[in-house]
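To keep things clear, I will list the structure first and then write my remarks on it.
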Amino acid sequence: MMIEKENWPPLASLELIKTRARMLRDIRAFFDARDVLEVETPLLASAGTTDPHIESLQTVFAEQRYCLQTSPEHAMKRLLAEHGAAIFQICKVFRDEELGPMHNPEFSMLEWYRPGFDMHPLMTEVEALVTALAGGHLQSFIRLSYRQAFEQYAGLNPHQASAGDCRECALQRGIEQPAGLYEQKDEWLDWLLTQLIFPALPTGQFTFIYDYPASQCALARLKENEQGELVASRFELFYGDTELANGFHELTQAGEQRRRFEADNAARAADNKPQVKIDEYLLAAMASGLPDCSGVALGLDRLLMALNGEASIDRVLAFPWARI
């Protein structure tokens with residue numbers, strides 16, 4: 001294949017490449033000062049994510065199929081179960097079917113775990129890290145519960161509303177109604193988030209949204225909020241309407257985690273998606289005793305975009321998808 005002359009150079013500027021290098025250096029200094037240990041885990045694993053909304057890239061070795069990791073979470077929890085130390089990792093992760101201004105199939109992730117933390121001190125630490133990476137300039141952070149965000153921007157309580165209530169909210173605001181959402185409340189909530197809530201978040205500011213619906217718990221534990229509603233102890237960080245991070249007060253019960261993996265695969269089957277092998281290594285580690293902890297995954301490419309005013313992920317990558 002002939003490569004056009006203008007397509008072989010890296011796309012990111014030298015200044016942004018230097019900025020990324022400083023960011024990685026400053027992340028390591030931040031965690032070193034807090035006695036959080038840097039670790040490294042494999043990019044390949046025998047099991048992928050069961051999440052119905054995320055697809056793993058796969059490869060074959062010795063006639064066995066392996067997944068490129070969408071997150072180092074499972075392996076890091078195995079380290080936590082054995083050693084119990086606070087840990088962080090900077091690594092490449094991979095996701096299939098994701099490509100666009102905010103997505104590259106291969107991207108950089110920072111993930112860390114804090115034994116003894118619930119999600120609120122972890123949000124405070126995320127805030128401290130982002131401020132440090134911004135050169136110490138005070139950043140503006142807002143914290144909204146999922147319920148507060150919906151009540152403020154959509155006028156409904158997402159924990160009490162029905163799918164019909166969500167549909168009516170969309171109708172009243174002139175929001176498009178895709179086929180297939182009528183009976184599924186969680187899909188309606190996700191649609192309202194993307195079409196109504198996220199665009200209303202303050203531009204140029206960081207916003208934490210926390211206490212997601214219990215049905216969207218993923219790997220987070222459940223709890224009651226101040227209103228006595230069952231919610232997932234989970235948060236996400238946004239810059240404007242762009243998601244940067246996803247954090248959990250981690251579930252530690254192996255039996256409940258297995259049930260959730262099986263429910264994910266059932267949802268995949270209902271959506272005609274392939275079943276995913278359940279990670280028995282993780283379940284065995286959890287059964288042995290995963291410490292009470294909270295963890296968060298932060299997308300470094302998107303953070304670099306936010307801190308440098310870039311609108312496309314291609315501008316902060318040396319070689320984005322179109323140039324590999």
When segment 53-68 is checked residue by residue, the ones that are in contact with a strand residue (DSSP E or B) (Cβ under 8 Å, 6 or more places away or on another chain), among the polar types (S, T, N, Q) and assigned to a strand (DSSP E or B) are 58, 59
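One line per residue, one yes/no per condition, for (1) among the aliphatic types (A, V, I, L, M); (2) touching a residue at least 24 places away in the same chain (Cβ under 8 Å); (3) touching a Leu at 6+ places or on another chain (Cβ under 7 Å):
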| residue | (1), (2), (3) |
| --- | --- |
| 26 | no, yes, yes |
| 37 | yes, yes, no |
| 42 | no, yes, no |
| 49 | no, yes, no |
| 69 | no, yes, yes |
| 86 | yes, yes, yes |
| 90 | yes, yes, yes |
| 96 | no, yes, yes |
More than 30 Å from residue 7 (Cα to Cα), surrounded by 14 or more Cβ atoms within 10 Å (Cβ to Cβ) and not β-branched (Val, Ile, Thr), is that true of residue 282?
yes
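Okay, residues lined up against (1) surrounded by fewer than 15 Cβ atoms within 10 Å (Cβ to Cβ); (2) not in a loop (DSSP other than H, G, I, E, B):
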{"site": "70", "(1), (2)": "no, no"}
{"site": "75", "(1), (2)": "no, yes"}
{"site": "81", "(1), (2)": "no, yes"}
{"site": "85", "(1), (2)": "yes, no"}
{"site": "88", "(1), (2)": "no, yes"}
{"site": "91", "(1), (2)": "no, yes"}
{"site": "112", "(1), (2)": "no, yes"}
{"site": "117", "(1), (2)": "no, no"}
{"site": "121", "(1), (2)": "yes, yes"}
Checked segment 5-23 for anything surrounded by 13 or more Cβ atoms within 10 Å (Cβ to Cβ) and either of a type in the set (Val, Ile, Thr) or in a helix (DSSP H, G or I) (or both); matches are 16, 17, 19, 20, 23
Taking segment 153-165 and the residues there that are in contact (Cβ under 8 Å) with a residue 24 or more places away in the chain and over 13 Å from residue 188 (Cα atoms), the one that is surrounded by the fewest Cβ atoms within 10 Å (Cβ to Cβ) would be 160
Scanning segment 241-279 residue by residue, those assigned to a loop (DSSP other than H, G, I, E, B) and over 30 Å from residue 313 (Cα atoms) turn out to be 251, 252, 253, 272, 275, 277, 278, 279
Residue pairs qualifying under the 7 Å Cβ cut-off, at least six apart or on distinct chains, with the first in segment 244-259 being of a type in the set (Val, Ile, Thr) and the second being modelled with pLDDT under 95, are none
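The values are calculated or read from the model by the stated rules, or taken from the named source; none is laboratory data. Source: prediction; values computed, not measured. We place every Cβ from the backbone using ideal geometry, glycine too, and count neighbours over all the protein chains shown.
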